[in-house]
Structure formats: structure tokens, C-alpha cells
Amino acid sequence: MSKSDDSTVDVAEGIDHQVAMVMDLNKCIGCQTCTIACKTNWTESGGREYMYWNNVETKPGSGYPRDWEDMGGGWQEDGKKRSPGDLPEREDYGRAWDFNHEAIMYEGSDEPLRPMENADWGPNWDEDEGAGEYPNSYYFYLPRICNHCTHPSCVEACPRSAIYKREEDGIVLVDQDRCRGYRYCVEGCPYKKVFYNAEQKTSEKCIFCYPRIEGEGPDGEVKPPSCAADCPPQLRHVGFLDDEDGPIHKLVNEYEVAVRLHPEYRTEPNVYYIPPFAPPQTSESGETLDAERIPRNYLEELFGPKVNEALNTINRERDRVRRGEESELMDILSTVNNDDQYRLEVFDDED
């Protein structure tokens, strides 16, 4: 690891600046707009039908692919030796079933809309199920993309060096000319965010919409990834970890309220999360209890022990606002100004 000359943030060796994303889970409504935005841009056809580079899963839940958290990958405790991982089975991703649209729309059938074959699993199959017992059941939504890790195990796994981090921004990409579809990267990623295209015989993954952030769209403007730009509640901040005036740096390094998903995998993700809050528990008679609805131990399983201080900090800042005091942190988290949420041109003038 090395430190950027103008930053107090660790970035991977040879990387100028590290682009990152922070997602506020308290804003996610599970609408899947981000999923569809990504799908229509990148994975509609050509062996990509089963792929969701961006997905939103319900937690607690099995996720996508099914039970990905139990498949291994990442790094061992010394951070130098990779942990073995498993390849997901095709069924773990689910299938794109054929529905009885023609019968209902054109043949006058009064049967309900449903798959024309037995459906037993699919992305977000367990949506909104969650955990807990009445009246204190709970769940929340967890959007996921490739983490563009600082220490990506997928890069280390590839024997052909086909998967790599871009020097200018740390985005992890697959060189399609070098890739031979060995799928060691799929096996090695503990988040299972690298996919195999059986038609192309290569691996593919989220590219952080790099053409958009390079301003290569039809209007020539720099834009954030589609999953961020199209999100109705605008829950994502996008920028650089080493931009000390930007929201990413403040949320991750200054206030330390943005935490990594499964830090024990030791890949050092550059996608971070503001942990979720929920109303307190209630008694069966409807009285409010002094107990948190989402168990802290479950949040620790997902985000590690740092989630506790993150939640405590946010609570303290919320109390400041309730008392009529100012809070820079709450201003950052509640902004609806895209210029404050997305800072992607801050380093463009460098030589």
C-alpha cells in the first residue's frame, strides 16, 4: 500500500486516485430502478441475461447469487494468501422464466400472470421477508455492485492478468482480449460480483460506468454511474477517497460513518454503506420499547464492529439537529444537490 502525495488516504500501489461510492441504506426503497438502469445499459443480451451487475437484495436474506456470503473467497488473515472460494451454480443466479403474457394479453385468459414453468429461485426471491417475529420483524435493502476493491482477490486469482485496476481511478476491469474464461476470478471474489459469459467465453463485471465518468456520453458531460444518477431517492454519493473536500472522504475518513460490507474478506472495498436505522421495537400493545429493531449483532456480521461507532455518531449528529444546531454530516447525508453528491472532475486538471 502507498499513500497519495496529496492525501491521507491509503490507495493501492500504482493508483493515482481511488474512485468510490457511498450508499445510504436509510434511503433505499427497494424499487430496483438502479438494477434496471444497469441492466438496460450493460447486460440485456448476449450471454448476460442472468447477470445483474447491480442488484438490490433484502437483508436478512440469501442474496444474489443465492447464499453468496457462504461461498468463500477474499484473503486469509495475513492479507497475503488468498482464501479458496466456490463457483456459484447456475441455479443460484436464477433464470429468466417465460411468463404467460400472450395468454393474458391476447387470448383473454383470466389466469394470473405467472411463470410458465416451475419457478423455485430467482434474484431477490426472498424480497421483504427479513427476520424477527411480530410485532418486531425487520428487513432492509442492500444495493450491491462490484466494490472495485483496493486489494481485489479477483485480480490476484487471474493467471493471465486479464483483470486489473485502472491507474487513474482504481476501477477494476476485465481485458476481454486477454481473458480466457477460466473463472478463477469468479471463484476468488467473495462478493460474487464477477460473472461468466458462456457465449463469449469470458468474465464480465461492473465497470463503474467509466464511459460516463469520462464524459464519453452523447452530450459529452461527466456523469456518475447510471445506478447513482437514476436512483429516485438519490442514496449514492460518488467521488474520490483522496478528495479531502468531497463527501466520500468526509463520510468515510472524517466522520467514519460509512462502513465496508464484510471487511473480514480483506479485499478493502471502495463501495461503502451508511448503516440502516429502524423504528424501535414495540410491545404487542403498541408501546414503544427501549430496544433497537435491527439487532446490532446482525449489523456487525455484515459491516464489522465499526458499524457501532458509525451508528452512534449518526445518532449524536441527529440529536444536534433536533436541538437546532448545525451538523455538516447531516447536511451531507440529506443533500439533494447533485453537485454535492457527485465530485468526479476534481482531479481533471492534473498533468
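Only the coordinates and a few stated rules stand behind these numbers; no lab work does. Quick caveat: nothing in here was measured; it's all calculated off a predicted structure. Cβ coordinates were reconstructed from backbone atoms using ideal geometry, including for glycine residues, and neighbour counts include every protein chain displayed.
Observations
- Under the simplified labelling scheme, the Asn253-Asp16 pair shows an inter-label distance of 1.8 nm, with each label point 7 Å from Cα along Cα→Cβ.
- Met116/Gln176 FRET efficiency (R0 41 Å; Cβ-Cβ; nearest 0.05): 0.75
- Order by protection proxy (mean Cβ within 10 Å, highest first), peptides 236-249, 289-302: 236-249, 289-302
- For the chain, a crude dipole built from +1 on the beta carbon of Lys and Arg and -1 on the beta carbon of Asp and Glu, taken about the Cα centre, is about 800 debye to the nearest 20.
- Considering helices alone, the calculated mean residue ellipticity of the chain at 222 nm is -5000 deg cm²/dmol, with DSSP H runs of length four and up weighted by -39500 (n - 2.57) and normalised per residue.
- Rounded Å value of the spacing that divides the Cα centres of segment 20-64 and segment 235-292: 19 Å
- Relative contact order of the chain, taken over Cα pairs closer than 8 Å and 6 or more residues apart, is 22 percent.
- Listed by Cβ neighbour count within 10 Å, with the fewest neighbours leading, Tyr342, Tyr50 appear as Tyr50, Tyr342.
- For Ile171, the residues 5 or more places off, or on other chains, whose built amide H falls under 5 Å of its own are Val19, Arg166.
- Taking amide H as placed 1.01 Å from N in the peptide plane, the amide H of Val259 sits under 5 Å from that of Tyr273, Ile274, each at least 5 places away or on another chain.
- FRET efficiency estimate (nearest 0.05) - Cβ-Cβ, Glu129 to Arg90, R0 22 angstrom: 0.40
- Quotient of the Cα radius of gyration of the chain and 2.2 N^0.38 Å, N being its number of residues: 1.03.
- Length gained on full extension, Glu44 to Asp348: 106.2 nm, using 0.36 nm per residue less the C-alpha separation.
- Computed packing ranks the peptides 304-311, 257-264 as 257-264, 304-311, most packed first, by mean other Cβ atoms within 10 Å.
- Label-to-label distance, Ser161 versus Asp245, with points set 7 angstrom from Cα along the beta-carbon direction: 3.8 nm.
- Ordering 55-66, 75-86 by mean Cβ neighbour count within 10 Å, with the highest value first, yields 55-66, 75-86.
- Shape of segment 145-268, Cα gyration tensor, a/c cut at 1.5: oblate
- Coordinate range along principal axes, alpha carbons of segment 95-166, Å, largest first: 55, 41, 20
- In order through segment 251-264: 3J(HN,Hα) via Karplus (6.51 cos²θ - 1.76 cosθ + 1.60), integer Hz, x for Gly, Pro: 6, 7, 9, 8, 8, 6, 9, 9, 10, 8, 7, 6, x, 5
- Positive dipole terminus of the chain, leading residue within Leu173, Pro143, Val321 (C-beta point charges): Leu173
- For Val222 and Glu309, the FRET efficiency from 1/(1 + (r/R0)^6), where r spans their Cβ atoms and R0 equals 30 Å, is about 0.30.
- Segment Glu325-His101, extension gain: residue separation times 0.36 nm, minus the distance between their alpha carbons: 75.1 nm
- Rh by Kirkwood over Cα pairs, then Stokes-Einstein D for segment 209-332 at 1.002 mPa s and 20 °C, µm²/s: 127 µm²/s
- Spatial separation of Cα centroids for segment 187-209 and segment 212-233, in angstrom: 22 Å
- The value given for segment 170-236 is a Kirkwood hydrodynamic radius of 13.7 Å, derived from the mean inverse Cα-Cα separation.
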